[in-house]
1. Expressed in nm to one decimal, what extension gain is obtained for the pair Thr44 and Phe10 from 0.36 nm per residue of sequence separation less their Cα-Cα distance?
2. Starting at the first residue of segment 48-62, write each ³J(HN,Hα) from the Karplus equation 6.51 cos²θ - 1.76 cosθ + 1.60 with θ = phi - 60°, in whole Hz, x for Gly and Pro.
Amino acid sequence: MKVSKRAVVFFSAVALVCVASGCSGGGSSDSGSTKDGAITIDGTQPEVGLVPSNTTETGGGNILDYMWTGLVSYPNNGGAPKNA
């Protein structure tokens, strides 16, 4: 199978870009981060592990809200629930 030089150059450039982007450790402005293994979202951390049935505090609840979507969502105007 003969491969053109353009294809080799193109795929080499794509591979280089993928490797370079995977190695970059630029700053993050996300609301969630990990520092020393701790999960922090919106400045709060969970007091216990992130087990949905065992998380009762606000910090863990905020993180669980970011991680999982419920099956239905409830509109603010009091309308009927909608599938998520």
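Only the coordinates and a few stated rules stand behind these numbers; no lab work does. What you see is a predicted model; the values in this text were computed from it and never measured.
1. Details: separation 34, 0.36 × 34 = 12.24 nm, distance 4.50 nm.
Full-extension gain reported as 7.7 nm.
2. Karplus-based 3J(HN,Hα) across segment 48-62 equals 10, x, 7, 9, x, 7, 10, 9, 10, 8, 5, x, x, x, 5 Hz.
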